[in-house]
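J.: The structure is given below, and queries will be raised subsequently.
The values are calculated or read from the model by the stated rules, or taken from the named source; none is laboratory data. Everything numeric in this text was worked out from a predicted model, so none of it was measured. Please note: Cβ atoms are built from the backbone with ideal geometry, for glycine as well, and neighbour counts cover all protein chains shown. Ligands, DNA and RNA are stripped out before the accessible areas are found, and what is left, the full protein with its side chains, is counted by its heavy atoms. Shrake-Rupley method; radii C 1.70, N 1.55, O 1.52, S 1.80 Å.
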Amino acid sequence: MSFVEVEDGVNYFYEDRGTGKTIVFVHGWGASSMVWERQAVDFSDDYRVITVDLRGCGKSDKPAHGYALKDLSKDLYHFINALELKDVTLVV
């Protein structure tokens, strides 16, 4: 299992598969990265596919704070930077 710290003490779970141009799949609120499983399998033949669990969802940490849209956006920014991703396609 892979995790990235997006804030002190807050870790995001993610799965990374395939190679090529990177696509990051971000689920909607209350779901998890599992909603993208079929797409991740299909696209990973031709692309690097990363699925991520937002804070409070799936296997990511569930702190008592940080659930405003601005916080989740900041988390995603830190996630992308921590993995040193460039020229990514976000699917939300």
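J.: Would you calculate the separation in nanometres between label points at MET34 and SER2, each defined as 7 Å from the Cα along the Cα-to-beta-carbon direction?
T.: My value for the distance between the label points is 2.1 nm.
J.: What are the ³J(HN,Hα) values, in whole Hz, obtained from phi via the Karplus relation 6.51 cos²θ - 1.76 cosθ + 1.60 with θ = phi - 60°, for each residue of segment 2-13 in sequence order, with x given for Gly and Pro?
T.: 10, 9, 10, 7, 9, 7, 3, x, 10, 10, 9, 7
J.: State the three equivalent ellipsoid semi-axes of segment 1-55, derived from the C-alpha gyration tensor as the square roots of 5 times its eigenvalues, in descending order and whole Å. Don't skip to the end; give the middle numbers.
T.: Values: eigenvalues 84, 35, 12 Å².
The equivalent ellipsoid of segment 1-55 has semi-axes of 20, 13, 8 Å.
J.: Just in segment 17-92: which chymotrypsin sites (Phe, Trp or Tyr not before Pro) are loop by DSSP and have at most 11 other Cβ atoms within 10 Å? Kindly include the intermediate steps, with their values, before the conclusion.
T.: Details: sites: PHE25, TRP29, TRP36, PHE43, TYR47, TYR67, TYR77, PHE79; in loops: TRP29, TYR47, TYR67.
In loop regions of segment 17-92 (DSSP not H, G, I, E or B), the sparsely surrounded chymotrypsin sites (Phe, Trp or Tyr not before Pro) are TRP29.
J.: Related question: TYR67 to VAL41: FRET efficiency via 1/(1 + (r/R0)^6), r the Cβ-Cβ distance, R0 35 Å, to the nearest 0.05?
T.: 0.75
J.: Determine how large the accessible area of GLU15 is when every protein chain is in place; take a 1.4 Å probe and give Å² rounded to the nearest 10.
T.: Surface accessible to solvent at GLU15 totals approximately 60 Å².
J.: Label-point separation (nm) for THR89 and ARG17, each offset 7 Å from Cα along Cα-to-Cβ?
T.: Placing both labels 7 Å along Cα→Cβ, they lie 1.8 nm apart.
J.: At each listed q (0.23 Å⁻¹), what is the log10 of I(q)/I(0) that the Debye formula gives for the chain modelled as equal alpha-carbon point scatterers?
T.: Cα-only, vacuum Debye calculation for the chain: -1.19.
J.: Using alpha carbons only, how many degrees (0 to 90, rounded to 10) separate the axis of helix 69-82 from the longest principal axis of the chain?
T.: It is inclined by approximately 50 degrees.
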